[in-house]
Structures are given as C-alpha cells and as structure tokens.
Amino acid sequence: MRVVDRQAAKGWAELLSQVPDNLDRAWVAITADPRCRENPARQHPLRLDLGRVDVDGVTLEQWQFEVTGGGRIWYAVDDARRTVWITQAGTGHPRQTDRRRR
C-alpha cells in the first residue's frame, strides 16, 4: 500500500493517532482483498465521478473504507502494479460524497 500525496499521508497519520485499532482492521481488510463486498457498509466502490481516479497517468477504480462513523480511507486498486494507492484519508467525513440539496 502506498499514498499518492502528502495530504493522504497526513490523513493516514491522523487516523493512526486517533483510532489505531480501527485503522489496523482497515489495513488488514484492504490489503487482503481490496475489492471485498462482504461488508458494503464499510468497504465499497465509490460511484459516479468519484468511482475513478488518475494515479500516475493511469485511471483506476476508487473504493472507500469506513474506518469510523466519519473517518474514511479512499483508495485506488492498481492491478498492473499490484498496489493499493491511498488517495485520501482522514478522520472527518469527506464532503465530496455529500448530496447537494436543491
């Protein structure tokens, strides 16, 4: 597992300092099977425009793992490199997933 940038690394560090046991469970689940659908409330692919992300010029599918009620890890699965890229991590709920009210 690798991080795509310093912001993702900072979010990972925040999760590690606040909820190390939850982060450990997330790490085990993601590295064991990054596309696992056994617990869709915790681990699932992101949808619509968030479902794909470019990493090093390659478009990859992007997933989410719910570490806590608000804490999330977003990650991209790179089959060619056999790598999971952490694209975003943090203790707060990502605003990009909130639905806009009209």
Would you pick out the residues in segment 31-68 that are closer than 21 Å to residue 82 by Cβ and open to solvent by 50 Å² or more (accessible area, probe 1.4 Å)?
31, 32, 33, 35, 37, 52, 54, 56, 57, 58, 59, 61
Quick one: how many residues across segment 15-36 are of a type in the set (D, E, K, R) and over 14 Å from the mean Cα position of the chain (by Cα)?
1
Residues of segment 2-30 satisfying the condition of being among the small types (Gly, Ala, Ser) and closer than 23 Å to residue 81 by Cα
8, 9, 26, 29
Which is on the phi < 0 side of the Ramachandran plot and either basic (Lys, Arg) or in contact with a Ser or Thr (Cβ under 6 Å, 6 or more places away or on another chain) (or both), of 18, 64, 43?
18
Quickly run through segment 1-30 and pick out the residues that are touching a helix residue (DSSP H, G or I) at 6+ places or on another chain (Cβ under 6 Å), in a helix (DSSP H, G or I) and either open to solvent by less than 50 Å² (accessible area, probe 1.4 Å) or touching a residue at least 40 places away in the same chain (Cβ under 8 Å) (or both).
15, 23
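The values are calculated or read from the model by the stated rules, or taken from the named source; none is laboratory data. Quick caveat: nothing in here was measured; it's all calculated off a predicted structure. Because the Cβ atoms are built from the backbone with ideal geometry, glycine has one as well, and the counts that use them run over all protein chains shown. Keep in mind that these areas ignore ligands, DNA and RNA; they rest on the heavy atoms of the full protein, side chains included. Shrake-Rupley method; radii C 1.70, N 1.55, O 1.52, S 1.80 Å.
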